[in-house]
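One structure is given here, and the rest of the page talks about it.
Only the coordinates and a few stated rules stand behind these numbers; no lab work does. Remember, it's a predicted structure, so these values are computed and weren't measured experimentally. Cβ placement follows ideal geometry from the backbone for every residue including glycine, while neighbour counts extend to all protein chains displayed.
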Amino acid sequence: MDNKQLWDTLLGELELSLSKANFTTWFKNTYILDRSEDSVSISVPNGFTKEWLENKYNKLILHSLNNIDQKILKIQYIIGNPQVQENIIENKKIIKEYKKQEKEEKGSKLNNLNPKYTFESFIIGSNNELAQAACMAVTRNLGHIYNPLFIYGGVGLGKTHLLQATGNEILKNYPDKKINYTSSEVFTNELIFAIVNRKVEEFKNSYRKIDILIIDDIQFLAGKEKTQEEFFYTFNSLYNDNKQIILSSDRPPQAIPTLEERLKSRFQGGMIADIGYPDYETRVAILTSKALEKNFKLSEDVISFIASNIQSNIRELEGALNRVIVECQLRNLEPNIANTTNILTSLTNIQQSKIMSFDEILKAVSDFYNISINDLIQKNRKKEIVYPRQIAIYLIRNELKYSYPNIGSKLGGRDHTTIMYTCDKIKKEMENNENLRQEINIIREKLYK
Ligand code: ADP
Ligand code: MG
């Protein structure tokens, strides 16, 4: 591994464990200047960064470097351009920028709402009109009309969009209300963190101060007894204060295995609305609106072609549309039926063919890159292993729709955030990297043969 690869790998790790503000402020413009057997010199842009890294991050950096190369014992931080006198104004600017970013992050962390999800961009069809109407009604009558509101439906059908839109609408109408959107996985992680750090009281209090609690994917509470117990008390305390609670799940409460009876009956005590599969007209309406959003002109027949061929869920429908847009732009193609057919062939084939297993994916990836399945699972950080592992993670997620925690635990106990980050990373890379797209397609073809 050369110096650049080593540092990039390290930055990749740090990015996961630091807040965005911290990461960009302290690690921007750093690189490895020099490296001997047991020590590394890192170039930093100014004295301020040097001090900060030495005092606050040295341990973390060393620890992370050792995960990659155990021989490294010492780190030196060297100001990249020593001739230039340290500039106090520059330092002040850095601090100011850092504080501003940190504040922004804190602000958005308070509710975790993503402004891109709105009611305006949510297309109503017969599959989701009840759920949409229930969410809308809740925004006008908090805590009373439907409490809790429970929305359920399969993956990619719009639960998160709807929950987030509800939160955003409430925020717009009642800027003073404390809204918290979270997933049951995050809730669980926070609780565990609180237990480990003896901060359970703080955890409880923070949740009980909320006016509107939105928890996405509540099915992940299944089997987590301690979390369920804590959630039960949080739920009751908010509910008794007439605070609005909105939940989503991939199935109705009674069908969530190992969910305590008392929670099931709590959930059933409010309003339950499902989101089903969109019909053809709804799919056309969604495609039309998304193409418009992206400012991409698509003829009616191409839209209806995509809508007829992709019937699974809205995420895939959007994926197919994006694929058509990207390929047409990249390869300068006219978005007509013939080209769309070609572009979508791989996607539609996938839908018609067999269902594969986790082991088959690992086998296909290990065959393709000529490494062992064990290497894929174990904690081996060699670049030639890490890359195929990332591909495997991406494929498992996309072909089998396994949850992030599930993939993490099946792949040698990796953290779900790492898995999530990997999937995102590969997805993004695929947009610009033709080689990567080809590799993944070849592996896919093998799998579907
Ligand atoms: P879920 O949480 O049920 O798995 P999401 O809410 O993440 O699904 O939806 C998947 C994608 O489809 C998102 O990009 C979302 O914006 C989009 N989507 C879902 N339903 C609709 C809809 N009715 N109108 C417009 N976009 C939708
Ligand atoms: Mg979701």
Work through the residues other than T418 whose Cβ is under 14 Å from its Cβ and net out their charges, Lys, Arg +1 and Asp, Glu -1. +2
Applied in sequence order to segment 277-290, the curve 6.51 cos²θ - 1.76 cosθ + 1.60 (Karplus, θ = phi - 60°) yields integer Hz couplings, x standing for Gly and Pro, of 7, x, 7, 4, 4, 5, 4, 4, 4, 5, 4, 4, 5, 5
Could you work out the mean projected area of the convex hull around the alpha carbons of segment 156-219, in square nanometres to one decimal? 4.8
Alpha carbon centre of segment 200-243 versus segment 149-166: separation in Å? 19
In the neighborhood of Q76, defined by Cβ-to-Cβ distances under 11 Å, what is the net charge if each Lys or Arg adds +1 and each Asp or Glu adds -1? +1
Farthest positive-ward along the chain dipole, Cα basis, beta-carbon charges - from I42, T9, L113: I42
Can you tell me which of 441-447, 266-272 comes out highest on packing, and rank the rest after it, using the mean Cβ neighbours within 10 Å? 266-272, 441-447
Hey, got the dipole for the chain? About the Cα centre, +1 on K and R Cβ, -1 on D and E Cβ, debye to the nearest 20? 780
Just to confirm a number: summing +1 for Lys and Arg and -1 for Asp and Glu over residues other than Q228 whose beta-carbon lies under 10 angstrom from that of Q228, what do you get? -1
Trypsin sites (Lys or Arg not before Pro), restricted to segment 136-216: which are DSSP loop and have at most 10 other Cβ atoms within 10 Å? R198
Determine ³J(HN,Hα), in whole Hz, for all residues of segment 216-224 in sequence, where each value follows from phi through the Karplus function 6.51 cos²θ - 1.76 cosθ + 1.60 and θ = phi - 60°; x replaces Gly and Pro. 8, 6, 5, 4, 6, 6, 3, x, 9
Cross-link list K56/K177; K116/K297; K56/K178; K199/K224: which exceed 29 angstrom alpha carbon to alpha carbon? K56/K177; K56/K178
Karplus (6.51, -1.76, 1.60) ³J(HN,Hα), θ = phi - 60°, over segment 254-261, in Hz, Gly and Pro reported as x: 5, 9, 8, x, 6, 9, 3, 4
Between I79 and Q378, Cβ-based FRET efficiency (R0 51 Å, step 0.05) works out to 0.80
